[in-house]
Structure formats: C-alpha cells, structure tokens
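Take a look at the structure set out below.
The values are calculated or read from the model by the stated rules, or taken from the named source; none is laboratory data. Since we're looking at a predicted model, the values are computed, not measured. Cβ placement follows ideal geometry from the backbone for every residue including glycine, while neighbour counts extend to all protein chains displayed. When the accessible area is computed, the model is the full protein with side chains, heavy atoms only, and any ligands, DNA or RNA have been set aside. Shrake-Rupley method; radii C 1.70, N 1.55, O 1.52, S 1.80 Å.
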Amino acid sequence: MAKDEWRLSPEVCRWNCDLSGFEFESTDDLKEVPAILGQDRAVKAIQLGLAMSYPGYNIFISGEAGTGRNTTVRHLLRDVNHYRPTPNDIAFVHNFLKPDTPLVLILPPGKGGLLRRMMENLAETLRLGLPQVFESDRYRENRQQITDEYGKAGQVLIDTLENKVQKANFTVVQVQLGPMVKQDVLPVIDGQPVSFEQLEEQVKEGTLDVKELKKLAAQHRKFAAELQKTIESSKKLSREAQEKLESLDRNLAESFVDEAMQEIRQNISVEAAHAFLDAVRENVLGNLAWFRKKTDSETESLAESAARDPLLMYGVNVVVDNSHNQGAPIIFENLPTLNKLFGTIERVMDANGQWYSDFSTIRPGSLLAANGGYLIIDAKDLLSEPGVWNNLKRVFKTRKLEIWAPEISWAGGPIAIKPEPIDIDVKLILIGEPLLYYLLYTADSDFSKIFKIKAEFDYEIKNSRQSVLKYAVFIQRLCAEENLLPFGRSGLARVVEAGVRLSGHQTKVSTRFNQIAELVREAAFYARQDLAKYTIDAHVDRALEERRSRRNLAEEKVQEMIADDLLLIDTDGRKIGQVNGLSVLNLGDYAFGKPARITAQTGVGRTGIVNVEREVALSGPSHDKGVLVISGYLQQAFAQDKPLALSASLCFEQSYSEVDGDSASSAELYALLSRLARIPIDQGLAVTGSVNQNGEIQPIGGVNEKIEGFFAVCQARGLTGRQGVVIPRRNVTDLMLHPQVVEAIAADRFHLFAVDSIAEGIELLTGMPAGEADQSGRYPEESVFGHADRTCREYLGHLRAFNAPFTL
C-alpha cells in the first residue's frame, strides 16, 4: 500500500465553522431568547424533581464545573416558580408557660411583619396608656374609696380594743423584739405602761402584792387573745382591700387591653397568634403594678426576666418575612456553615452586663429562608463544613428544623433556650462533581433516600446548527450583561471552533461555558483596544495565543531542552529499534504534547518483555497493561508454530517521572518489531495510538496536543517535508489542529497519517511491506514480519544450541 493511502488531507485536520445560512452580521442582531444549551437529559431530570412533591425527591446535579449547572437551575426555577404559592411567614414569640421554649407562629405571607408592628404599637400603647388610666381622677376616687372604707373598718377594730383595755387600766403598745416590732397589751400604773418584768421586780421589792400581779396577768392573757383576734381581723380586711384594689385595677385595665388588642385580632386570624395574644393579655393583667408605678420593687424580678424591660416579652421575632416575595423563595447558599444553614441563637448583653438569650435572639438560616421553596448548595462546600452533612440529613429525614445555640465554652454563660421545632418543606438541590455523587451514593446509605433525582450534565453536546445558534445567543447575552463589544460573524465562528477543540471531537461542542466566557471576555478586550466595531476572528486568535503564552512556560522549557539536545529527539534519518513516541503533559490549566524517544532491545532468552519503567516503579497500571498486550500480540504473530525464545526490554529514554496510559503501546511495538526485523524506522515520523492483542490500533486522548508538540520540534529544526505524525484512524474526527499546523500540511511541509493496524503502521514507518502469514503461518521473506519471524527462529536455535532446552 502506497504511503499516500494513509496521508490525511488538510480539510480533515480541522473543522471550520460555516455560518452561511445565518442572517445576522453580529451578535447584536440576535434577539435574546432564554435558552439552555443542550443538556436535555439533565433538564428533564431537574423538571421531574421540581414537580415531585413527595419526600426524598431532592435533586443532585452532577457534572463538571462550568457546564452551565447553575445557569440551568436558575432558568428552570424561574419558570416553575411562577406556579408555586408564596409560603407562610414564620415568627418566634415568648412562651409564658415555658420561657426556655419559644413558640413558633406560622402566619400568612406578610402577616408576620404586620403582627410585629402591631405588637410594637401595642407595647407602646400599654407603656404610655395604662399609667394614664391609673392616674385618672375616677380611678383615684375609686381606689381612695376602697382604701378609706377598709381603713375605717380596721380603725374601728383597733379603737374598740383600745377603749376596752383602757377601762381596765391597760393600753396597746409596740414592743421591739430584735429587728421586729410586735403589738402587746400592758397594764398602766401611775399613767405609764409597765412591763411584767418590771412588775415582778416590784413584787420582789414588796411594793406590789402577788395577788395583784396574778390578777393583772390574767387580764393580760385575756386582752392579748383579743389583740390577736383584732390583728387577724385587720389582716383579713387588708387582704380584702388588696383584692378589691386588684379587681379595680384588672377591671379597669381589661377594657383598655382588650380594646388595644381588638385590631390585632381582627387582622390576624391565626389561632396560634390569638393564643399568644391571650397569654400577653394575662401577663399584662397579672403585672399591672409595673404600669401603675414603674419603680415598684415587686416588679424587679419581672424586669430581670425580660432584659430589664418586661414589654420586650410581647414582641414578635419574624425570622421569615415573605411580604415582598412572589412565589416560592429560591436561595443560593454560598457559605453553608452550621449557623448560615440551620440558624443560631445569639447571646446578648443587657444594660446590667448580663448575658441572655430569648426568642428575640433567634436568627434564621438559609434552610428556614427557603422553606416552601428551593435551596441550592454546592456539594463540595457543604461537605467541607464540619457537622453540616449529618445535621442536614436529620432535617430532611424528620422534615423538622431545630435551631440551637452554639456550645458555651466559658463559665457564667446563660442556659441555652430550645425553640419549638419548625416543619420544613424545602426542595434541596446539590451541585457537585460526578465523583462526589458516586462517593456519597456508595458510602452513605441515607444519600439515595434523600436524593432520588440525579441530573447529569454533559461536558459536550452534538455539533449542529442549533448548537452554533445557541452559542451565538450565549455570547450575545454575555456581551449584553457585561457591556462587551458584540461579536462579528468571524469572531463567533472562532469561538465555536474553540468550543469544538475544547470538546476534543469535531462532531461535538463543549458545554464548559466558564472557559468559553473567559475567551469571549478576553477577545472583546482586545477588540476594544483596537477600537473595533465588532470582535472578529483576529481578536479571538489573539486571545487564544495570549492565553497560551501566559501558561506555556513549561512547554517552552521542554522545547528548549530538545533544541539544545538535552532531550534526545531525532527528526530525520532512520534507526533500528527506535521510534518517536508522543505524550501529553497536563498542568491543570494547560496541556501540551511532548515527544519521547522509545527504544527496544532484544536478545536470546526466556524472560519475555521487560518494561524498564515498571522495574523502577515509574510505570502506571495502564502502561503496564499496554506492555502485556504487546506480549499477547507477539504470541499471536510469532509463536503459533514455535515458542518465543525472547528477552526484550522497552524504555522511555530520559523519562524520570511516572509513565501511564497505553497510548504509546503501538510505538513500543513498532520499536520492538524494528529491532526483531533489523529494519530501521523513519525518525521524521512520530507515533501515537494504543494497540490490542489483535494488532488493531485504538484511539487515544490528546491527539491535537501530541501532533502540535512534535510539529513544534520539527518547525524549530526546520520543516523538511518528510516529517509527520502517525495517529489512529479512529482519532481523525478528533482533529482540531492549530491553523499553523494545517497550513504546513496543506503546503506538504508536514504530514499526518492515519492507520488502523500495526501492519499498516510498521509498513508506513519502515517503507517495507509488513507481510501476511500464509496457511502454514510463514511470512514473506522480504517483509517486516518475515524478518522478525526469522530472528525469533534464530533466537530459538541459539537457545537450543546452548544446551538449554526450551520448556513449554
């Protein structure tokens, strides 16, 4: 077969975007239409997940970064959100029965803020209005009437007792007993009350008869009993007076409080809110002393329990206010920490320097803000926060959210409150890499129960006119949003071609829109520098070249080492057992091709093929497999009628880092066949492609970078017109070469060849027919395989000649 049979024309080496049939001159002529570029599979999955309201139908969006995952979610949520009702407001209020357990109020949208404002007004009304009620003339008169009535009744009791004891020459006195004062009845002698201790002294002195003392003592006991009854009756009167006064206060305040609450009850028709108002009403009526006189000591404990202001207990802490929202909330949480996601309870210092927490210090998280709607989180960010994943699973398994305070690590901190749990109805959407989905699915049994919908985003879509149009719409939208210069037809075509190159296949176009957007911005920047009207192909080409020059330092260093003969690469002549292999070095943001000298040595022996890289632990598993495949091919080609008495070694010369992948297995086999056949290989050609045991050449990755890498070496040394690269035929549709390489191919200064088998490849590299075995398994004498088979037979004969029988 002639060499030209494998030669590729320049037309197949690069796909060119044809905009004929499109009627626009620039992206400014396009009408922006909401569009999702491809991703039909993912869109259908997301739409299903959004429509399913059953537990567990949360969505995990799997795909590479930059494939439009966030944009697609925003677009779909914007559409579906018009049909979802606006969720309720959520508020926390004081629990008067259990102050450490604030109550949750679920209110219609907008009613939370209304209730908060109305309760603030109520508190101010109570603060200013109730004291005025208690200062009214009518209230004072009624209060004074009750006080006078019971005061007079008490005075009558005292006067009656005093008159009675005075007639018996006794009087009522106040007796100091330590810190206390007690009333007692003492006899009066010579106009002065005398204690019984003094009377006993008089008896001892003989100035008072004992019988008289006993008589006075008997009267004292009688009057003391009557005094005690009088005191008890007086206390009873005081209690009755206090009850009358409290009843007066309550009756007067009830009408005021009920009237102040009437508007709230009319505007808020929620049973739980009315129950809260009832509790507030009872609290106000039970603590009227504070409103009557703010400095009463009896209200001190009440004030302390509400941060020195009792009226704060009547407030409403609205943690979710949907008054300004239309439809369900859509929350993108970029910092999914425990506090940000689940909320927290703050600790506040009051005016006296004391820390406290109550219903008003509860702060919501994004889970609560998204209640009734959608919460979107980056899976990697979520999993990187300690404790978040397990707590999130618990919320979605129980469908309840509990807000808790952070642990107190210092002495003297307040006791944490425990708010009432909140029912949660959130559609959770996680966005992450495919590997992360796989790890969660296999490592966490709860994951599949919570995320029943997987939406897979492809990193490429079919290259079609519709895709080109959507690329144009994407560029138009980006230019409009970021005030970039519009793209002309040639500029748009170049961007699409860059998308095809990025996808790695002529029939595909990349959906890594983050990288496409970067290219659009940079090209538009250079267009503005040139004061151009539109961004054209030259600006896109410059952006690509500038980007390459910013990132290709390592590539330039490798090329310098080759040019200085520090890395040995031949680009002309012919050598036995030596071939130019091609590899790709990927630095993350930049990948480039690097030629490598591959050599083979053979000799008599039984060890088979030795992979030098493997012997020094520089060979990856895929490369090891490739070498074993070569052994299988040699068995099939040369050991059908005899054993192989072969010891061979394969080496990547000047390679000091790990070699992996099987894309060089065909090159290694070519070098081995050349050594066995003792036929030289054209050093002006480089080879890439993997091989199977049947000798078929299989496609590989990075074909464009490999070709361009060898082209750069040849160009630096001078293109001779005899240099080129041999690739698998199945990689032809992956070609998207740099225009400079395509131009050299068109001018016959560089060549590209595509082969399907080892036989085709070795014939191309050596210029000698590969040879085809006859029915007896013998190859033609003047063929590569014929020469190689003859060498194998010689090796076997040598081995037997040395008295070392070959053991099968």
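Brief remarks on what is shown
- Sole residue being open to solvent by less than 40 Å² (accessible area, probe 1.4 Å) and within 30 Å of Ala51 (Cβ to Cβ), chosen from Ile475, Ile453: Ile453
- Residue check for Glu64: in a loop (DSSP other than H, G, I, E, B), among the acidic types (Asp, Glu) and under 21 Å from the mean Cα position of the chain (by Cα): yes
Residue-by-condition table, conditions (1) assigned to a loop (DSSP other than H, G, I, E, B); (2) open to solvent by less than 20 Å² (accessible area, probe 1.4 Å); (3) over 19 Å from Tyr656 (Cβ atoms):
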site: Arg547; (1), (2), (3): no, no, yes
site: Thr571; (1), (2), (3): yes, yes, yes
site: Ser583; (1), (2), (3): no, no, no
site: Phe592; (1), (2), (3): no, yes, no
site: Leu634; (1), (2), (3): no, yes, yes
site: Ala637; (1), (2), (3): no, yes, yes
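- Taking the criterion of being assigned to a loop (DSSP other than H, G, I, E, B), buried (at least 16 other Cβ atoms within 10 Å of the Cβ) and not aromatic (Phe, Trp, Tyr), the residues of the range 524-545 that qualify are Ala532, Ile536.
- Residue tally, condition open to solvent by less than 40 Å² (accessible area, probe 1.4 Å), over 16 Å from Ala65 (Cβ atoms) and in a strand (DSSP E or B), over the range 495-512: 1
- Checking Thr207 against (1) modelled with pLDDT under 80; (2) under 30 Å from Arg143 (Cα atoms); (3) among the β-branched types (Val, Ile, Thr), the condition it does not meet: (2)
- When each of Asp641, Asp662 is tested for being open to solvent by 10 Å² or more (accessible area, probe 1.4 Å), of a type in the set (Asp, Glu), modelled with pLDDT under 90 and within 22 Å of Glu760 (Cβ to Cβ), the lone residue that passes is Asp662.
- Taken as a whole, the structure places Lys111 among residues that are of a type in the set (Lys, Arg), crowded, with 17+ Cβ neighbours inside 10 Å, more than 30 Å from Lys508 (Cα to Cα) and touching a residue at least 12 places away in the same chain (Cβ under 8 Å).
- Where a residue in the range 606-620 is over 13 Å from Ser649 (Cα atoms) and part of a loop (DSSP other than H, G, I, E, B) and its partner, wherever it lies, is at pLDDT below 90 and not small (Gly, Ala, Ser), with Cβ under 7 Å and at least six apart: Leu618/Glu658; Leu618/Val659; Gly620/Glu658; Gly620/Val659; Gly620/Asp660
- Any chance Asp624 is without any contact (Cβ under 8 Å) to a residue 40 or more places away in the chain, touching a helix residue (DSSP H, G or I) at 6+ places or on another chain (Cβ under 7 Å) and exposed (fewer than 15 other Cβ atoms within 10 Å of the Cβ): no
- Going through (1) over 21 Å from Tyr670 (Cβ atoms); (2) touching a residue at least 24 places away in the same chain (Cβ under 8 Å); (3) open to solvent by 80 Å² or more (accessible area, probe 1.4 Å) one by one, Glu556 falls short only on (2).
- Some residue of the range 752-759 being open to solvent by less than 30 Å² (accessible area, probe 1.4 Å), of a type in the set (Phe, Trp, Tyr) and touching a residue at least 40 places away in the same chain (Cβ under 8 Å): yes
- For the range 735-772, the set of residues classified as part of a helix (DSSP H, G or I) and either under 47 Å from the mean Cα position of the chain (by Cα) or among the aromatic types (Phe, Trp, Tyr) (or both) consists of Pro739, Gln740, Val741, Val742, listed by residue number.
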